[in-house]
Amino acid sequence: MVSHSELRELFCAADAVCFDVDSTVIREEGIDELAKFCGVEDAVSEMTRRAMGGAVPFKAALTERLSLIQPSREQVQRLIAEHPPHLTPGIRELVSRLQERNVQVFLISGGFRSIVEHVASKLNIPPTNVFANRLKFYFNGEYAGFDEMQPTAESGGKGKVIKLLKEKFHFKKIVMIGDGATDMEACPPADVFIGFGGNVIRQQVKDNAECCRSF
C-alpha cells in the first residue's frame, strides 16, 4: 500500500484523473440499486459480483442483468429522485482539490449515464467529462436495451476511453482510480492505476493493483 506522500506525488504529477463511479465515487453499485428498486435485487447482485471480479465478460454480464431488470424510463427517474446515490466520504474534497490545480477530472463508468451525470453534477464535473452507458427506451418509456456502441459497454472499454482522451488532449500522465477489474485493466493506457477499497474490496484488484488506497 502506498503512503499518503507517495499518493500525493502521483496526483501532483497527473494532468488528468479518471474515476470509476460505482463503489468508488459513490458507495453503491448503481445497477444493483436499480435492481432493488425493480424487485430483482438478489439475482442481479450476484451477477455484479462476478462481473466486477472479472469472472464474466462485462458486456455479457450487463446484458444479462438488464434483461432481468427491464427498467423503464420512469423507474430510472424515480430511483434518482427517491434514492439518490451517496457520495463516498472524501471524494468531494479530492475532486475539488484536483480541479483547483487545473487537473482534468473524468468519470468513466460501466454504469448508466443518467445516474452518472447526476453524480457529476454534485462534483462540478461537466457532462462532457462523463463516459458511461446509455439506456434505450421505447416511445412509451419501456426498456429497449442499451447502446452497445459505447466503449464502456464492454471489457476493455475504459482503456479505450483513456486512449481517446490521450489522443484528443495530449495528456502526459493519466491516473485511473477504481475498485474493479475493468478499472485495473485500463492501465495501460492509463499511466497509473490506484485500486480503491474504501467501499468494497475486490480480491483480484487488491492482489494485482500497483497502489491500493481509500480516500
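The values are calculated or read from the model by the stated rules, or taken from the named source; none is laboratory data. A quick note: this is a predicted structure, and the numbers were derived from the prediction, not measured. FYI the Cβ positions are ideal-geometry reconstructions off the backbone, even for glycines, and counts take in every protein chain you see. When the accessible area is computed, the model is the full protein with side chains, heavy atoms only, and any ligands, DNA or RNA have been set aside. Shrake-Rupley method; radii C 1.70, N 1.55, O 1.52, S 1.80 Å.
In the range 112-149, of all residues being within 19 Å of K59 (Cα to Cα) and among the hydroxyl-bearing types (S, T, Y), the one that is nearest to the chain's Cα centre (by Cα) corresponds to S114.
In this structure, L34 does satisfy being hydrophobic (A, V, I, L, M, F, W, C), open to solvent by less than 20 Å² (accessible area, probe 1.4 Å), in a helix (DSSP H, G or I) and modelled with pLDDT of 85 or more. Would you mind stating whether E210 is of a type in the set (D, E, K, R) and modelled with pLDDT of 70 or more? When the stated conditions are applied, E210 does not pass them. Quick check on my filter: what residues within the range 161-192 are modelled with pLDDT of 80 or more, in contact with an Asp or Glu (Cβ under 9 Å, 6 or more places away or on another chain), farther than 12 Å from D15 by Cα and of a type outside the set (A, V, I, L, M)? Within the range 161-192, G178, D179 qualify. Looking only at the range 70-79, residues that are part of a helix (DSSP H, G or I) and either surrounded by fewer than 19 Cβ atoms within 10 Å (Cβ to Cβ) or modelled with pLDDT under 90 (or both) come to 5 in all.
For the range 152-180, filtered to residues that are open to solvent by 10 Å² or more (accessible area, probe 1.4 Å), part of a helix (DSSP H, G or I) and touching a helix residue (DSSP H, G or I) at 6+ places or on another chain (Cβ under 6 Å), the residue that is nearest to V130 (Cα to Cα) is K158. For V119, the requirement of being in a helix (DSSP H, G or I) and open to solvent by less than 10 Å² (accessible area, probe 1.4 Å) is met.
For the range 122-149, give me each residue that is open to solvent by 50 Å² or more (accessible area, probe 1.4 Å) and either out of contact with any strand residue (DSSP E or B) (no Cβ under 8 Å at 6 or more places or on another chain) or in a loop (DSSP other than H, G, I, E, B) (or both). Within the range 122-149, N124, P126, P127, T128, R134, Y138, F139, N140, E142, E148, M149 meet the criteria.
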